[in-house]
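Let me begin by presenting the structure, written as structure tokens, before commenting on it.
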Number of protein chains: 2
Amino acid sequence: MVRTVGSTRESTWPRIRAAGIDLLYEIGYDGMNTRQLAEAAGLTSSALYYHFSSKEELLFRVLTDLLEEIVDDLDTSLEAAADDGPAVQLDVFVEVLVKWHVTRRKETFIASIETRSLSQERNEEYQRLRDRFDQHLHDILEHGAADGVFSPIDVTTTSASLMAMLTAISRWYDPEGPLGLEVISERYVALARRMVGSDER
Amino acid sequence: MVRTVGSTRESTWPRIRAAGIDLLYEIGYDGMNTRQLAEAAGLTSSALYYHFSSKEELLFRVLTDLLEEIVDDLDTSLEAAADDGPAVQLDVFVEVLVKWHVTRRKETFIASIETRSLSQERNEEYQRLRDRFDQHLHDILEHGAADGVFSPIDVTTTSASLMAMLTAISRWYDPEGPLGLEVISERYVALARRMVGSDER
């Protein structure tokens, strides 16, 4: 049997993934079912099961693929700013997070509410990766406070507040709205500088 | 037939409500079912249906009861600070929100992720009430900016960020942890003053 182009394992997964993201975003994990997923991806249910084993696996892959991309981007961007000190590094951290929440709004929104639908084991695996970016922010704030560049109210409250406001972007950002990535990014950078008591604010 | 104390409509609802909040918090709306609710409330399923009509009604009542209490508290607290100007009013707003997210952690957490499980009509009713407290914050920031008491980066970003960081408290707050309400409240007030560019920061 000759396979037609577009039916290989490699090209089908992105289609399932895209359909899965739309369903997770619009209906939610508990509300969606594999019949809807197959239909949205243009597959029969049995063809779908050739490519994935469960709804939970889909959610896990969507969430970890996204998180890995964000963490890689953060690692690279912060590595490039390694000699620039904590003030520049905070700007970079905020810019990277704003960018991901604006350009990958649906997936970041799903990540903000659906991690508890994962099995305990998978949730723990996800949280270990997630801790890596919380740790980046924590380190930047600690270094800035130690160097006297920042004067945070306290590192934990500031860090939790920054993460909350950045991850909330995917809740209100409207791709049809008037604000572009650049303006949003500038505003969050300016706000973050104030929050840490940066001497560059 | 003589009713025993504790089986009247009035005293049963709080028990159903408390059991419902625990289930919504631990398992989530889609995951829980009415059999579990009846069991947790110490009722038979038919006794349960005497007191409530659906899982969605439970969620709606839990969310709107909470929101009405918060909005009433905000209205009263801000009314008392009506002559004190926007700087004091911002402090009051933050203190009220911190208090509710610490003392009613489970319900505020449920509100942060389950509103989309409501029917469209009920969600809209909920959002209208919710808009009242977003409006309070928006008004305080606008007045403060107009009076020159605040110099926000911009009102919309600042307001969205404040709401995000305050509502996130129910995600990390640990009743067994070292931080009490007073310390948490002081830190968020100090951070909020910085964010609005208050001259009292």
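For the reader, a short list of remarks on this structure follows.
- Pseudo-label separations to other copies for B:Arg61 - Cα-to-Cβ vector, 7 Å, nm: 4.3
- Copy-to-copy label distances for B:Asp131, where each label lies 7 Å from Cα along Cα-to-Cβ, are 4.4 nm in order of increasing length.
- Residue and distance (whole Å) for the chain B Cβ nearest the axis that superposes B on A: B:Asp30, 1
- Exceedance of the 29 Å cut-off in Cα-Cα distance is limited, within the set A:Lys55/B:Lys99; A:Lys106/B:Lys55; A:Lys99/B:Lys99; A:Lys99/B:Lys106; A:Lys55/A:Lys106, to A:Lys55/B:Lys99; A:Lys99/B:Lys99; A:Lys99/B:Lys106.
- Here is what passes the span test in chain B: the DSSP H helices with alpha carbon length of 30 Å or more along the helix axis and a Kyte-Doolittle mean of -0.5 or above are B:55-80.
- Residue among A:Gly180, A:Gly20, A:Gly31 with the largest mean-square fluctuation in a Gaussian network model of chain A, springs linking Cα atoms under 10 Å: A:Gly31
- The stretch A:95-136-the stretch A:15-73 distance, computed between alpha-carbon centres (Å): 16 Å
- Shape class for chain A: prolate, because the ratio a/c of the largest to smallest gyration tensor axis (alpha-carbon atoms, square roots of eigenvalues) is 1.5 or more and a/b beats b/c.
- Full-extension gain in nm, B:Asp73 to B:Glu125, via 0.36 nm per residue minus C-alpha separation: 16.8 nm
- 3J(HN,Hα) along the stretch B:47-52: 5, 4, 5, 5, 9, 8 Hz, from the Karplus curve 6.51 cos²θ - 1.76 cosθ + 1.60 with θ = phi - 60°, whole Hz, x for Gly and Pro.
- The overall shape of the protein assembly as shown, judged from the alpha-carbon gyration tensor, is oblate: a/c is not under 1.5, and a/b is no greater than b/c.
- Distant-in-sequence amide contacts of B:Phe150, defined by a placed amide H-H separation under 5 Å and a gap of 5 or more residues or a different chain, comprise B:Ala145.
- 3J(HN,Hα) from dihedral phi, the stretch A:33-43, Karplus parametrisation 6.51/-1.76/1.60, rounded to Hz, x for glycine, proline: 9, 5, 4, 4, 5, 4, 4, 5, 8, x, 10
No lab work stands behind these numbers, since they all come straight from the coordinates. These numbers come from a predicted model, not from an experiment. As a convention, Cβ positions derive from the backbone with ideal geometry for all residues, glycine included, and neighbour counts pool all protein chains shown.
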